[in-house]
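See structure below.
The values are calculated or read from the model by the stated rules, or taken from the named source; none is laboratory data. Quick caveat: nothing in here was measured; it's all calculated off a predicted structure. Every residue, glycine among them, receives a Cβ derived from its backbone with ideal geometry; neighbour counts consider all protein chains shown. Calculation scope for accessible area: heavy atoms of the full protein, side chains included, ligands and nucleic acids excluded. Shrake-Rupley method; radii C 1.70, N 1.55, O 1.52, S 1.80 Å.
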Amino acid sequence: MLRVVSTNRGVLFVVVVLGVGGGLYVFYYFGRDLPDYHQLATYEPPVMTRVHAGDGRLMAEYAIEKRVFVPIKAIPRRVVLAFLSAEDKTFYQHPGVDLPGVIGALLTNIKNIGSSRRPVGASTITQQVAKNFLLTNEVSWERKIKEAILAFRIERAFSKDRILELYLNEIYLGFGSYGVAAAALNYFNKSMDNLTVDEAAFLAALPKAPNNYNPVSRPEAAKARRDWVIGRMLVNGAIAEDEAAQARALPIMVRRRDKTEFVGAEYFAEEVRRELIARYGETQLYKGGLSVRTTLDPRLQEIAERVLRSGLEAYDRRHGWRGPVARLDDGVDWQSALAAMTPPPGMGHWFMAVVIGVDKNGADIGFVDGGRGRIPLAELKWARPWMKKQRLGPRVRKPSDVLAVGDVIAVDALDSMASAGVGKAAAVAPGTINLDTAGEAAPETLPVQSFALRQIPEVEGALVAIDPHTGRVLAMTGGWEYGRSQFNRSTQAKRQPGSAFKPVVYLAALDAGYTPATLILDAPFVIDQGPGLPKWRPANYTKKFYGPSTMRLGIEKSRNLMTVRLAQTIGMERVVEFAGRLGVVDDMPDQLSMALGAGETTLLRLTTAYAMLVNGGKRIKPTLIDRIQDREGRTVFRHDNRPCETCWAEVWTNQRVPGLPDTREAVADPASAYQMVSMLRGVVERGTGRRIRAIGKPLAGKTGTTNESFDAWFIGFSPDLAVGVFTGFDEPRTLGRREQGASVAVPIFRDFMADALKDQAAIPFRIPPGIRLVRVNAGTGQPARPGDKHVIREAFKPGTVPTGRGTVLEGLASGAGPQATGTGGLY
C-alpha cells in the first residue's frame, strides 16, 4: 500500500515537473520574437486633426480613423462597468489571463466538438489589447499563446487603468467609430456622459462583432446581445433590478450624429492641408490630433466666393452661349434619361433640366422629379452664339435661336424662394422625387415657375484678401468651384501681371528721389534687340502719345511708354531689387519688358506686395495659420512670435495694456510707400479703376492686363485690407478684344470691397511723418495757381516740392542686348 502511494506521488511529481517544464519551454519558445510591449507606454492612438476658421468654427477634419481620445478618468463609470461586464468581469483581479475562464472555455469547446457551434474564447481585455496593438487577427493556437504571454508582460508593465484606457479608445465599434467616445456620437448623437444604461450596454455589446449586431440591418440580434449585457451588468452588481428591467424594455433608438457644420472654404482648407503636410508629414496630419486655428474670416470668405462667381458668370454671359450640356435623342423618356445623367462639375446650386417645348415666347422645361418650369424669352436674350476669340454671333430674336427640344441645360429659379419645390428636388437628389412637404400636390399639378438659362463659365479666376499689417490671409478662393478644379489660382497659377507690376517700378523711382510730380516723356520708344531680332516697340493701350506727363498720370492712366522710360532712367537693376524685396518675382531678369509685367508671379505674392505698400513699407509674410496645437494642447506653431512678457497676467488690476514691439523689417521708405499709395488712390479716383469710386471710401489699387488680353488683374487695398483679383483661362487665350482688368477684375474687386466694408467707417490712409501735402495742378505737377481747374493734393517728401518747371525724363530709345518681347502691360 505504501509502495502504491509512493509511486503515485512520484508520478504526480513527474507530471508536475513536466508540466512546469513544458510551460516554461512554451513561454521561452513563443516568447522569443514577440513585439516589444514597452511601446504601449508611449502609444498614442490615431486621432483626427481639426482645422478651425478664425472664429473657431470647424473648417475641415483630416483622419484615417475618426477617433475621439478620452482619458480613462473622463470615461463615465457606467460605461466602464458595461464593458467590464460584457468583456472581462475579473479585469481588476486577474494577472492578464483569466485561468478559470480559459478552463471553462476549453471544456465548453470540447463539449461542442462535432456541433456547428463556433468555438468560444476567454480573452481578457489585456489579451485584446495585446492582439489589437501588437499581433494580427490570425485565428490559431500559436497566436493565442503569444497573446497570453504578452498579456502577462503588459500587466507587469502597466497599470490596469492604462490598459483599459488603451482598450476603450482603440476598439472598433462599427458605424466608422473608433473608440467608445466616437461610437456614442455616431450611434446616439451623445457624449458618453449622457448615455443611458441601455445605450452603454449596447455599445459594450459591439466589440466581438459590430456588423453582426448592427441595429439597422440586424435589430433582433442587436437587442438580444444588448439585453445579455444588461443581464451581466445586473449579475455583477453594476445596476439594480429595476434599472435592468427598464433598460431591457427600451428599443435600440439609433440617432445618427448631427451633421457637422463646416465653414465652406475648400481652396483655403486644401492650402492649409498642404502646409501641414510640409511641416509635419502625412502621418502627423492624419493621426496626430493637431488643432489648427487658421486666419480665415468666414464672412469675408463667403463674400469672396459669391462675388468671384458672379463676376466670372457676368464675363461669361457677355461672350455668348456655347450650347447645351447634352442633347437627348427624339422619342426617349426624358425624365429617365435625365435621372441617369451626372450633373457636370461646377453646377453649384443650379438645376439640370430638359427642354420639352419651345414657342415664340419661351421654352418649357422638365426636371428629374417630373416637375415643370418655363424660361421666358427675356432670359434667353443674352445667349447669342459664342464665336472664336470671344466674339458674339447674331442677336437672339426667338427662343429657337438658342434652345431646341431635347437640350439638357442648367437653369436657376428666377425667384430663389420658389426654388424650394421641384427645382430643389432636382438639385438635391437628381433622379428622385423629393417634395418638401407631405401632402403637397403631385409634380404634374405644381404651378409652373420661371427659370433663367445658365452656363458654367470656362473662364477662371481667384480672389485673395489679406490683413496688410500681419499677413494673415482672411479669405481665399482659387476658382469657380473646387469640385470642378482643385487647382488653386491664388497660389499655384504663375501668370504675367501686366500693368499690375508697374507700382514696383514707380516705388523704386520714388525711393531714388523722384516725386509723383516728376515729368516723364510719353513718346515712341524703340530698342534694337540685336542682330536677327525685331526691334522692340512698346505702346500705350490707346496707341497714342501724350508728351511730357507727371509720374502720377503715368500710373493713373497706365502709360506703358512712360513706365519703360522711367525704368530705363533709374536702371532695371533697381527695379529687380524692389521686385525681390516685395517678393513679387525672384531673380527677375533685368530686361526692360519686365517693367511692364512680363515676369510671372502668383496672385498671393502680388497682393502681399501691395499690402506692404499700404502698411508703410513693412515686410509681411502671408500666412493661413495663426496657431497649431498638438494633441496635448501644447502650442507648436504661432505665426505671431513677437515677445510679450506682460501678456500672461492672470487677473486685471488696472495695469497698462501690454505693448508689442514692431519687429517687421522695412522693405521701403514709409514716405515712398505713402506716395505710392496716394498715386494708386488716384487710379481709383481718376484712372483705370474709377468704377470702384462709387463705394465712397478710401481705396487704391492698380489694374493689369497682358498682351492680347490673356490675363486681367486688379490689386488694391483699403487702409486695413488688401485684396487681389485674377481672371483668365487656364489654357491662356484672349478674354476678348475689349476685355481688360478694368472690365473683368475691377467689378469683382468693387463688389467685394463694397460688401466687406459696408458696416465700417471710412478710414483715411495713414500719412507717415515728414510727408507734406501740397495743392498742385494735376496736369503739370506744379504748385497750384489761382484759376487752375484740375487741382489735387500731392504728397511730397521734405525739400522735394517743385519750385519751377523741372526737367523731363526722356530715357534712351536705344540699347544693346535682348529686352524680351514679353507682355505689353496693356492699360
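Would you check which residues across segment 619-644 are crowded, with 22+ Cβ neighbours inside 10 Å and either in a strand (DSSP E or B) or without any contact (Cβ under 8 Å) to a residue 12 or more places away in the chain (or both) and list them?
The one that is crowded, with 22+ Cβ neighbours inside 10 Å and either in a strand (DSSP E or B) or without any contact (Cβ under 8 Å) to a residue 12 or more places away in the chain (or both): Ile628.
Among (1) of a type in the set (Phe, Trp, Tyr); (2) within 24 Å of Leu604 (Cβ to Cβ); (3) buried (at least 21 other Cβ atoms within 10 Å of the Cβ), which single condition is Phe525 missing?
Status for Phe525: all satisfied but (2).
Among the residues of segment 763-781, what is the count of those that are in a loop (DSSP other than H, G, I, E, B), under 28 Å from Ser499 (Cα atoms) and open to solvent by 40 Å² or more (accessible area, probe 1.4 Å)?
Of the residues in segment 763-781, 6 are in a loop (DSSP other than H, G, I, E, B), under 28 Å from Ser499 (Cα atoms) and open to solvent by 40 Å² or more (accessible area, probe 1.4 Å).
Among the residues of segment 551-577 satisfying the criterion of being of a type in the set (Ser, Thr, Tyr) and out of contact with any Ser or Thr (no Cβ under 7 Å at 6 or more places or on another chain), which is nearest to Met676 (Cα to Cα)?
Thr563
All but one of (1) open to solvent by less than 10 Å² (accessible area, probe 1.4 Å); (2) out of contact with any helix residue (DSSP H, G or I) (no Cβ under 8 Å at 6 or more places or on another chain) hold for Glu266; which doesn't?
(1)
Would you please name the residue that is least open to solvent (accessible area, probe 1.4 Å), looking only at residues in segment 246-263 that are farther than 25 Å from Met476 by Cβ and not aliphatic (A, V, I, L, M)?
In this case the residue turns out to be Pro251.
With respect to the numbered conditions (1) open to solvent by 10 Å² or more (accessible area, probe 1.4 Å); (2) modelled with pLDDT under 95, which one is the sole condition not fulfilled by Val358?
Checking Val358 against (1) open to solvent by 10 Å² or more (accessible area, probe 1.4 Å); (2) modelled with pLDDT under 95, the one that fails is (2).
Output the number of residues of segment 469-520 satisfying the condition of being assigned to a loop (DSSP other than H, G, I, E, B) and hydrophobic (A, V, I, L, M, F, W, C).
Residues in segment 469-520 being assigned to a loop (DSSP other than H, G, I, E, B) and hydrophobic (A, V, I, L, M, F, W, C): 5 in total.
Considering only segment 121-142, state which residues are open to solvent by 10 Å² or more (accessible area, probe 1.4 Å), under 38 Å from the mean Cα position of the chain (by Cα) and either of a type in the set (A, V, I, L, M) or at pLDDT 80 or above (or both).
Of everything in segment 121-142, just one residue is open to solvent by 10 Å² or more (accessible area, probe 1.4 Å), under 38 Å from the mean Cα position of the chain (by Cα) and either of a type in the set (A, V, I, L, M) or at pLDDT 80 or above (or both), namely Leu134.
Scan segment 208-223 and tell me whether some residue there is touching a Ser or Thr at 6+ places or on another chain (Cβ under 9 Å) and open to solvent by less than 50 Å² (accessible area, probe 1.4 Å).
yes
Within the set of pairs 6+ apart or on separate chains, which have a first residue in segment 371-388 that is farther than 13 Å from Val355 by Cβ, a second that is among the aromatic types (Phe, Trp, Tyr), and C-beta atoms under 7 Å apart?
Pairs that qualify, where the first residue is farther than 13 Å from Val355 by Cβ and the partner is among the aromatic types (Phe, Trp, Tyr), are Arg384/Trp321; Pro385/Trp321; Trp386/Trp321.
If Gly547 passes every condition in (1) closer than 21 Å to Met679 by Cα; (2) touching a Leu at 6+ places or on another chain (Cβ under 9 Å); (3) open to solvent by 10 Å² or more (accessible area, probe 1.4 Å); (4) at pLDDT 95 or above but one, which one does it miss?
Failed condition: (4).
Out of the residues in segment 647-682 that are of a type in the set (Val, Ile, Thr) and under 24 Å from Gly471 (Cα atoms), which is surrounded by the most Cβ atoms within 10 Å (Cβ to Cβ)?
Here the residue is Val677.
Mind counting the residues in segment 743-773 that are touching a Phe, Trp or Tyr at 6+ places or on another chain (Cβ under 7 Å) and not aromatic (Phe, Trp, Tyr)?
Residues flagged as touching a Phe, Trp or Tyr at 6+ places or on another chain (Cβ under 7 Å) and not aromatic (Phe, Trp, Tyr) within segment 743-773 amount to 7.
Could you tell me whether any residue of segment 231-251 is touching a Leu at 6+ places or on another chain (Cβ under 6 Å) and over 30 Å from Phe726 (Cα atoms)? Break it down stepwise before answering.
Residues of segment 231-251 touching a Leu at 6+ places or on another chain (Cβ under 6 Å): 238, 244.
Then keep just the ones that are over 30 Å from Phe726 (Cα atoms); that gives 238, 244.
Yes, segment 231-251 contains at least one residue that is touching a Leu at 6+ places or on another chain (Cβ under 6 Å) and over 30 Å from Phe726 (Cα atoms).
Can you confirm whether Leu606 is crowded, with 22+ Cβ neighbours inside 10 Å, at pLDDT 95 or above and under 22 Å from the mean Cα position of the chain (by Cα)? Before the answer, list the steps.
Numbers: crowded, with 22+ Cβ neighbours inside 10 Å: yes; at pLDDT 95 or above: yes; under 22 Å from the mean Cα position of the chain (by Cα): yes.
So Leu606 fits the description; yes.
Quick one: Asn615 ticks every box in (1) at pLDDT 90 or above; (2) open to solvent by 40 Å² or more (accessible area, probe 1.4 Å) bar one, so which box is it?
It is condition (2) that Asn615 fails.
So, in segment 792-814, how many residues would count as being open to solvent by 50 Å² or more (accessible area, probe 1.4 Å) and more than 25 Å from Gly617 (Cα to Cα)?
7
Anything in segment 767-792 that is under 44 Å from the mean Cα position of the chain (by Cα) and either touching a residue at least 40 places away in the same chain (Cβ under 8 Å) or farther than 16 Å from Pro516 by Cα (or both)? List them, or say none.
Ile767, Pro768, Pro769, Gly770, Ile771, Ile792, listed by residue number.
Please enumerate the residues belonging to segment 475-499 that are within 15 Å of the chain's Cα centre (by Cα), surrounded by fewer than 24 Cβ atoms within 10 Å (Cβ to Cβ) and of a type in the set (A, V, I, L, M, F, W, C).
Phe487
Just for segment 361-394: of the residues that are within 17 Å of Gly736 (Cα to Cα) and outside any loop (DSSP other than H, G, I, E, B), which one is least open to solvent (accessible area, probe 1.4 Å)?
Step by step, filter segment 361-394, then rank; the result is Gln390.
Would you confirm whether any residue within segment 327-347 is over 23 Å from Gly406 (Cβ atoms) and more than 28 Å from the chain's Cα centre (by Cα)?
No, segment 327-347 contains no residue that is over 23 Å from Gly406 (Cβ atoms) and more than 28 Å from the chain's Cα centre (by Cα).
Please go through segment 222-273 and pick out each residue that is under 26 Å from the mean Cα position of the chain (by Cα) and not in a loop (DSSP other than H, G, I, E, B).
Residues satisfying the conditions are Glu266, Tyr267, Phe268, Ala269, Glu270, Glu271, Val272, Arg273.
Name, by its number, the condition in (1) open to solvent by 50 Å² or more (accessible area, probe 1.4 Å); (2) touching a Leu at 6+ places or on another chain (Cβ under 8 Å) that does not hold for Phe752.
(1)
Looking only at residues that are among the hydrophobic types (A, V, I, L, M, F, W, C), outside any helix (DSSP H, G or I) and under 30 Å from Val272 (Cβ atoms) in segment 61-92, which one is most open to solvent (accessible area, probe 1.4 Å)?
So, considering only residues that are among the hydrophobic types (A, V, I, L, M, F, W, C), outside any helix (DSSP H, G or I) and under 30 Å from Val272 (Cβ atoms), the one most open to solvent (accessible area, probe 1.4 Å) is Ile64.
Filter segment 278-314 down to the residues that are open to solvent by less than 40 Å² (accessible area, probe 1.4 Å), of a type outside the set (Asp, Glu), touching a residue at least 40 places away in the same chain (Cβ under 8 Å) and in a helix (DSSP H, G or I) and list them by number.
Selection gives Leu285, Pro298, Leu300, Gln301, Ile303, Ala304, Val307, Leu308, Gly311, Leu312.
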